[in-house]
Structures are given as structure tokens and as C-alpha cells.
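Okay, so here's the structure we're looking at.
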Amino acid sequence: MKRTPLQRKSPLKAKTGLKPSVTGIKSRKAKPSKVRMSAAGEQCLVRVPGVCCGDSQTVVLAHLNGGGMGVKHSDIHGAYACITCHMWLDGGYAKTHTRAERDLIHLEAIVRTQGVLIEKGFIVVQGVAA
């Protein structure tokens, strides 16, 4: 027996009354913190040899990986990174370095960034003479 597709006499109408648009989608993008915004115009502190472009206009705070799925570490676990170093940290390392080497380079940059954040007053060390 040959089957024929069903055909409607009138098109289906939405019962919700919603317009087909993306305005109903909520953005879960984190509000930029003062620490994240402090990276603008700073020099790259990751400085991967052969990768770093050194463009201070592209520097952002690159968070340490491993915060969990869809979760970032706190801003204290971030390093000032230019666009090319940030891309390298996010996966570009795989062709030239191990994950442990990537993590070491990132952690060294985080220590350098924390020093800058202390100088700027974003991190306050209690009980230490200035």
C-alpha cells in the first residue's frame, strides 16, 4: 500500500502568542568585575615564547582551567593574557606542549598578575608592612 504525506488545509498557529525572536533568551554572561576590567591596556604576563603577540590592546584576564563545567575560577586565579596567549592556553598548547607545561606557564603568569593586582590595590595582604 502506498502512503501519502498528510496535508493540512490550514497552517498550524502558535498558541503561546510569542513572536519568533531571540529576545526571550536570557544571557548568562558574567558581569565584568573590576579585576577583569583592569586587564585592559596592560602588558601580557603569560608571554608564551613564539606565541605571544605582545598587543596590550587585546589583553584580558585568562582564568585558570578546571573550575568545573560552565564555571570559572575566581578572578584571583587569572593572568593577564594577550589574545594569542589566551587562545594557546585554551587549547593551542596541544601541538607543542603537555597540559602540565601549559599549567606551569599559566600559574607563573598568575603569580606575576597577582603582584600587579597587589600594586593596584585589588589584593590586600593583611599583616604585612608596606
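Bear in mind these aren't lab numbers, they're just calculated from the coordinates by the rules spelled out. Fair warning: this is a prediction, and the values are worked out from it, not measured in the lab. Please note: Cβ atoms are built from the backbone with ideal geometry, for glycine as well, and neighbour counts cover all protein chains shown.
Here are a few things to note about the model shown:
- Multiplying the residue separation of residue 111 and residue 97 by 0.36 nm and removing their Cα-Cα distance gives an extension gain of 3.0 nm.
- Each eigenvalue of the Cα gyration tensor of the range 34-120, multiplied by 5 and square-rooted, gives one semi-axis; in descending order these are 19, 16, 11 Å.
- Here the simple spin-label model places points 7 Å from the Cα toward Cβ, and for residue 76 and residue 36 these points are separated by 1.9 nm.
- For 4, 84, 98, order by how many other beta-carbon atoms lie within 10 Å, fewest first: 4, 98, 84
- Mean Cα-pair separation over length for the range 34-120, i.e. relative contact order, pairs under 8 Å, 6 or more apart, %: 30
- Per-residue extension of 0.36 nm, minus the Cα-Cα distance of residue 55 and residue 123, leaves a gain of 22.0 nm for this segment.
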